[in-house]
Amino acid sequence: MPLTVIVLGSSAGGGLPQWNCNCPQCAAARAGDPMVPPRSQSSIAVSADGERWLLCNASPDVRTQLAQTPALHPRALRHSPIAAVALTNADIDHATGLLILREGGAPPVYCTARTERALTDGLRVLPALASYGAVTVRRLTPGSADPEVIRDRAGEDIGVRLRTFTVASKPPPYMLPLLSAEEIADLHAGDTVGFELSSADGASRVVYVPGVLDLDASLHARLSSAALVLIDGTFFTDDEMIASGASQKTSRRMGHAPLTGAGGLLEFLQSVTGPRKALVHINNSNPALRADSPERRSIEAQGVALSIDGDTFVLG
């Protein structure tokens, strides 16, 4: 059974251009430079039948993303093809779009226990949604042997399967005052996860990892068995934010493996053979955002694409 994947948003938090940033990429996108088209914040949509869709992450840009995607337009007076939402974490740029989906009650939300707690006690998105209609949260258990059967609000199987795996991560900053030191120190507690998505028959598989730090053998095996890999392309170099003067944090300290340098993502991906590979969650500071840049050419020369909003992949 084929699986269709649409990249709704390819940028990291803040989008491109970011509202308060005048870095070279944001300035170019704001000026309408065709080499640096605007990008919205990270999200994909997945469907096995082209009718019912799983939204992976609900960014603050979700209203515009849905409006720009005909497959996700309503087909009746009150209707949406979005059957369910799955969250890789509770970051503001991945979860606050749920508030935009409140009319008539939000779709079912699939997430880990840590993400549910963050959205309940920290960001309080789930209590806010409950004021507009019933909220259904379906718990994802990383490492479960059996894939999760994605079901719509009525409980009907939409033909998409989801396996969840943890990636090394920290809780969102707004949760730090609410957690113990032990909880904060547990980097594999499920604050951030990756998704392995497939059709019901398992014939079409995509791995979606918009944030990843540890490039280990387990991740290598997952990527190698996929048909499509959509993976973290946040920063080109480890010191990118420091060199630009935007921050004093390295890429790795922010929870993202840089694309280049020893142990970087591009080096890792070279030994992953078989799947199509595309970068998502690309930060506005990344010089590869320029289509005519040497950084972009170096990425593409290694068989890796830089995804753009609206990219559509049909697997199987």
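Laboratory data are not the source of any read-out in this text; all were calculated from the coordinates shown. These numbers were taken from a predicted model, which means no experiment stands behind them. Note that each Cβ is placed from the backbone with ideal geometry, even for glycine, and that neighbours are counted across all protein chains shown.
Secondary-structure-derived ellipticity at 222 nm for the chain, considering helices only, amounts to -4000 deg cm²/dmol, per-run term -39500 (n - 2.57) for DSSP H runs with n ≥ 4.
Once label points are set 7 Å from the Cα along Cα→Cβ at both Val314 and Ser271, what is their separation, rounded to one decimal in nm? Label at Val314, label at Ser271, 3.6 nm between them. Does region 200-316 classify as rounded, prolate or oblate by the C-alpha gyration tensor (a ≥ b ≥ c root eigenvalues; a/c under 1.5 gives rounded; else a/b over b/c gives prolate, otherwise oblate)? Cα axes put region 200-316 in the prolate bin. Residue order for Ser225, Ser80, fewest other beta carbons within 10 angstrom first, comes to Ser225, Ser80.
Per-residue 3J(HN,Hα) values for region 105-119, derived from phi via the Karplus relation 6.51 cos²θ - 1.76 cosθ + 1.60 with θ = phi - 60°, read x, 5, x, x, 10, 9, 6, 6, 4, 5, 5, 4, 4, 4, 7 Hz in sequence order (x marks Gly and Pro). Residue-wise HN-Hα couplings along region 285-298, as the Karplus relation 6.51 cos²θ - 1.76 cosθ + 1.60 with θ = phi - 60° gives them from phi, are 7, 6, x, 5, 5, 6, 5, 9, 8, x, 5, 5, 4, 5 Hz; Gly and Pro carry x. In percent, rounded to a whole number, the relative contact order of the chain is 20, using alpha-carbon pairs under 8 Å and six or more apart. Karplus-based coupling profile of region 121-127, in residue order and whole Hz: 9, x, 6, 6, 5, 5, x, with θ = phi - 60° in 6.51 cos²θ - 1.76 cosθ + 1.60 and x standing for Gly or Pro. Under 1.5 on a/c is rounded, so check that first for region 3-315, then, if it is not, pick prolate when a/b is larger than b/c and oblate when it is not; a ≥ b ≥ c are the square roots of the alpha carbon gyration tensor eigenvalues. Verdict is rounded for region 3-315. Each of Lys249, Lys170 has some number of other Cβ atoms within 10 Å of its Cβ, and from fewest to most they run Lys249, Lys170. Rounded to the nearest 20, the Cβ-based charge dipole of the chain about its Cα centre (Lys and Arg +1, Asp and Glu -1) stands at 480 debye.
Between Ile184 and Asp216, what FRET efficiency follows from the Cβ-Cβ distance if R0 is 22 Å, with the result rounded to 0.05?
Step by step, r from the Cβ atoms, then E = 0.50.
Backbone amide hydrogens, once placed in the peptide plane, bring Leu140 within less than 5 Å of Cys111, Thr112, Ala113, excluding anything fewer than 5 places away on its chain. Each residue, Asp121 and Ile92, gets one label point 7 Å from its Cα in the Cβ direction; the gap between the two is 2.1 nm. Put the Cα centre of region 3-35 next to the Cα centre of region 88-164 and the gap is 26 Å. Sketch the reach of a paramagnetic label on Arg78 as a point 7 Å from Cα along Cα-to-Cβ, and name the residues of region 90-110 whose backbone nitrogen lies under 11 Å away. Only 103-105 fall inside the zone, counting backbone N under 11 Å.
Length available on full extension from Ala145 to Asp292: 0.36 nm per residue minus the Cα-Cα distance, which gives 48.5 nm. The overall shape of region 64-114, judged from the alpha-carbon gyration tensor, is prolate: a/c is not under 1.5, and a/b is greater than b/c.
Evaluate E = 1/(1 + (r/R0)^6) for Gln68 and Ser131, where r is the Cβ-Cβ distance and R0 equals 30 Å; express this FRET efficiency to the nearest 0.05.
Approximately 0.60, to the nearest 0.05.
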